[in-house]
1. What whole-number value in cubic angstrom gives the convex hull volume per residue for the C-alpha atoms of segment 154-228?
2. When the accessible area of the chain is computed with all protein chains present and a 1.4 Å probe, what percentage of it is carbon and sulfur?
3. Under a 5 Å amide H to amide H cut-off, with H placed in plane at 1.01 Å, what residues pair with Arg36 once short-range neighbours are removed?
4. Cα convex hull of segment 63-208: mean projected area in nm², to one decimal?
5. Near the amide H of Ser70, under 5 Å away, which other amide H atoms are found, from residues 5 or more places off or on another chain, if H is placed in the peptide plane?
6. Measure nothing fancy, just the Cα-based angle from helix 173-182's long axis to the longest principal axis of the chain, in degrees from 0 to 90, nearest 10.
7. Most fluctuating residue of Tyr185, Tyr64, Tyr79 in a GNM of the chain with Cα springs under 10 Å: which is it?
8. With the alpha-carbon atoms as the only input, what is the per residue convex hull volume for segment 95-163 in Å³?
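The values are calculated or read from the model by the stated rules, or taken from the named source; none is laboratory data. Just so it is clear, the model here is predicted, and its values are computed rather than measured. In case anyone asks, the SASA skips ligands and DNA or RNA and just uses the protein heavy atoms, side chains included. Shrake-Rupley method; radii C 1.70, N 1.55, O 1.52, S 1.80 Å.
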Amino acid sequence: MATKDHVRGGQDADGTRLHEPSVSLRLRDGGTVPDRPLRQVTAAQVISAAPWRMTRSARGQAHYPGWYWSATTGGHVIYESRLELARLLLADFDPAVTAMAAQPFLLRAKAGGRVRRHVPDFLLIDADQTVRVVNVKPADRLADPSVAEALAWPGELFEGRGWGHEIWSGADPVVLTNVRFLAGYRRPGMPPDAVTSAVLDLVVPGECVGGVLDRLERAWPRALAKAAVLRLLWRRRLGTDLSRPLDAGSVLEVAR
């Protein structure tokens, strides 16, 4: 849930003259890095920094923040709403994504005759070093011209920096349900890697999940074999059509 703020003129709220778009990073020890031009900030510096702000909970609040344990990072990543959690799940499931940061920095820039502030929701780095800045916003709010404008000006700056800018409002609910279920098997060693590797060797492409489990229960308890199949689906070592509900009839393919 990106934020914006502004003051009039060419100065920031503290009276500092702003000459070009700048970024502030927060150190993991609680300190801050002195502002630096956006053009000089690298994605690696952002990933190594702490979230610009932490989640807060209060009775009656409309959003549900929390912490998500990411298989990609091997640690917890914050989110400020259930919609942000959904985008985080898909990023964690995407094998192209190799690093991520939430609430990654504070951007300050002069736009529309005044200094504006913006904290994006996520920064993602892909294996090919492509960088995406992601802002999550419900689709019905994007129809508000003020919301659309508040996302447009930072998007132009990110793209000028050579980073992609994604405004995300949701995905196929069936896909999200399936990925959310598979995320329960994202932690390494659950089940043991030896079992997962052995199961992968025995899967025949084109088999359905139920058929594979019927065959494998001769060697392992059905629950253990099922966990291995689901772990392999999370890791993309096995594939199936996730636009359909995942069940015993889902047809499996072996990733190449």
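1. 165 Å³
2. Numbers: 6820 of 12880 Å².
Carbon with sulfur: 53 percent of the solvent-accessible area.
3. Placed amide hydrogens put Val23 under 5 Å from Arg36.
4. Working: hull surface 44.4 nm².
One quarter of the hull surface, i.e. the mean projection, equals 11.1 nm².
5. The list, which skips near neighbours in sequence, is Gly75, His76, Val77.
6. For helix 173-182, the angle is close to 70 degrees.
7. Tyr64
8. Normalising the Cα hull of segment 95-163 by residue number yields 92 Å³.
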